[in-house]
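Read the figures in this text as sums done on the coordinates, not as results from a lab. Worth saying up front: this structure is predicted, and the values here are computed from it rather than measured. All Cβ positions, even for glycine, are placed from backbone atoms using ideal geometry, and neighbour counts span all protein chains on display.
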């Protein structure tokens, strides 16, 4: 099998997955594979997010049957839906159907920002204002100061085929509003970011945390995968002993 | 002039409705094979046990997923799952026309891609090696017969559908050796199901036995690339991608 070292079960909250499949192989060590199952978010509206979360336990059970080594729910809106602490509730629900370790990508993002010593951050997102406000509140409740927020107000379906340079420009514009921030956070694993992480860190002098990067860092850490991952930000360097 | 598409899939974005509820091998092998600038957009369906109820549900989900993939602007939608494609009868071309009419994006199916690959390679006498228990033999040989292709021998590795991601990489070669003993005059080996690890076995099987190999994944990827006018000849995964 391809995932002879580790197999990561990924619950993608939207009905389609594109960027995580493209970016995962850029950083995955040899022998690490991703098993994907999709929920059904088509619009970032409360009803649609709730309907999708109703499928969480089934999705967890399907990945558990495939005997993956860890299961992670992706998405910020799936967590900010329930507010601060909801990631812990989601993990509890997942653990009701499996003893395989479970987590969420939002949990990973908060841990990543903490690992990098971030306190005052800027939020550069593909989401509209309503989702950005929920995420800002979640991050503030998690102990961070959110010094600037910029969103692209893109529909979910348009985030995957975004031009690769868009997240670079978005992050730079957001940082310009709060140049004393000590980290940049870009949510949403469907937003292409991987090629921009290292250039942004070089240009702006602060660490960059993106959703998929933080999620993979978090599960690599859980799986004790310590192989160097270079070229995709300072975060991955913290995995090394 | 149209603005340049500075996106991962700047040459082609291929949509795929992926039958297994936990999809693992398809994206892995896809990015082993395709050239830079081609991306995959996946929507997973509901197959865990491969029973009739799941296949029926997956058919319905795949139609909704095809709409969502079209909405995301993919260049082609591939309706995955040979049993799902054929669950309402063997008129797969009719299914393609119907879905294309609804979503206004070019559509193909896993079945069409594999049978097109057989024709392209001139397959006549075929051995089938698959990952499943023997209860899948009838479905697979009937499919070939519907396209006027003969089954010389068939063997399954005996794995359940929820084990596909863990099938050892040596399985395809082991099946090939047993099948070619049974049917040494076969001209083609068919490895259906694009969700077990076979990509690395294609060239070695072709070389060892002097036959052509059609795998579900390789055929789907080949057909999708060519439909999207990506005509790169790709080495390492059989004659199909290298020559056609």
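Which three semi-axes in whole Å describe the equivalent ellipsoid of the stretch A:108-209, each the square root of 5 times a Cα gyration tensor eigenvalue, listed largest first?
In descending order, the three semi-axes are 19, 16, 12 Å.
For chain A, set up a GNM with springs between Cα atoms under 10 Å and report which of A:23, A:177, A:111 has the largest fluctuation.
A:177
Let me know the mean shielding of A:144-157 by other chains, meaning the per-residue number of their Cβ atoms within 10 Å of its Cβ.
1
Count, for each residue of A:67-79, the Cβ atoms from other chains sitting within 10 Å of its Cβ, then give me the mean as a whole number.
That works out to 1 on average.
Could you tell me the convex hull volume per residue, in Å³, taken over the Cα atoms of the stretch B:200-244?
Looking at the stretch B:200-244, the number lands at 59 Å³ per residue.
log₁₀ I(q)/I(0) of the protein assembly as shown at q = 0.08, 0.12, 0.14 Å⁻¹, via Debye over equal Cα point scatterers, no solvent, to two decimals?
-0.47, -1.02, -1.34
Roughly what percent of Cα-Cα pairs across the stretch B:49-97 reach past 19 Å?
26 percent
Could you check the simple spin-label distance between residue B:233 and residue B:98, using points 7 Å along Cα→Cβ, in nm with one decimal?
Spacing of the two 7 Å Cα→Cβ label points: 4.0 nm.
Based on the Cβ-Cβ distance from residue A:133 to residue A:30, what FRET efficiency comes out when R0 is 35 Å, to the nearest 0.05?
Working from the Cβ atoms, E equals 0.25.
With the calculation restricted to Cα positions, what are the radius of gyration and Dmax of chain B in angstrom?
17.0, 58
Take the alpha carbon gyration tensor of chain A, find the square roots of its eigenvalues, order them as a ≥ b ≥ c, and report rounded if a/c is under 1.5; if not, report prolate when a/b exceeds b/c, else oblate.
It comes out oblate by the Cα gyration axes.
Just grab the label-to-label distance for residue A:238 and residue B:134, each label 7 Å out from Cα along the Cβ direction, in nm (one decimal).
Distance between label points: 5.6 nm.
For chain B, what is the relative contact order in percent, using Cα pairs closer than 8 Å and at least 6 residues apart in sequence?
The normalised contact order for chain B reaches 19 percent.
For the stretch B:113-218, take the convex hull of the Cα atoms, compute a quarter of its surface area, and give me that in nm², please.
Mean shadow area of the hull around the Cα atoms is 5.8 nm².
For the residue pair residue B:88 and residue B:174, what label-to-label distance in nm results when each label sits 7 Å from Cα along the Cα-to-beta-carbon direction?
Placing both labels 7 Å beyond Cα along the Cβ direction yields 3.9 nm.
Pick from A:75, A:231, A:31 the residue whose mean-square fluctuation is largest in a GNM of chain A, springs joining Cα atoms under 10 Å.
A:31
Indicate the gyration tensor shape class of the stretch A:136-189 (rounded, prolate or oblate), computed on the Cα atoms with a ≥ b ≥ c the square roots of the eigenvalues: a/c under 1.5 is rounded; otherwise a/b larger than b/c is prolate and the rest oblate.
oblate
For the protein assembly as shown, what proportion of DSSP beta bridges, expressed in % and rounded to the nearest 5, is antiparallel?
In the protein assembly as shown, DSSP labels about 5 percent of beta bridges as antiparallel.
Taking square-rooted eigenvalues a ≥ b ≥ c of the alpha carbon gyration tensor, is the stretch B:1-69 rounded, prolate or oblate, where a/c under 1.5 means rounded and, failing that, a/b exceeding b/c means prolate?
Oblate is the answer for the stretch B:1-69, as a/c is 1.5 or above yet b/c matches or exceeds a/b.
Can you compute the FRET efficiency between residue A:226 and residue A:145 using 1/(1 + (r/R0)^6), with r the Cβ-Cβ distance and R0 = 30 Å? Round to the nearest 0.05.
Here the calculated transfer efficiency is 0.45.
If you count, for every residue in A:163-170, the Cβ atoms of partner chains within 10 Å of its Cβ, what is the mean?
What the average comes to for A:163-170 is 2.
For the stretch B:62-132, what number results from the quotient of the Cα radius of gyration and 2.2 N^0.38 Å?
Computed over Cα atoms of the stretch B:62-132, the ratio equals 1.22.
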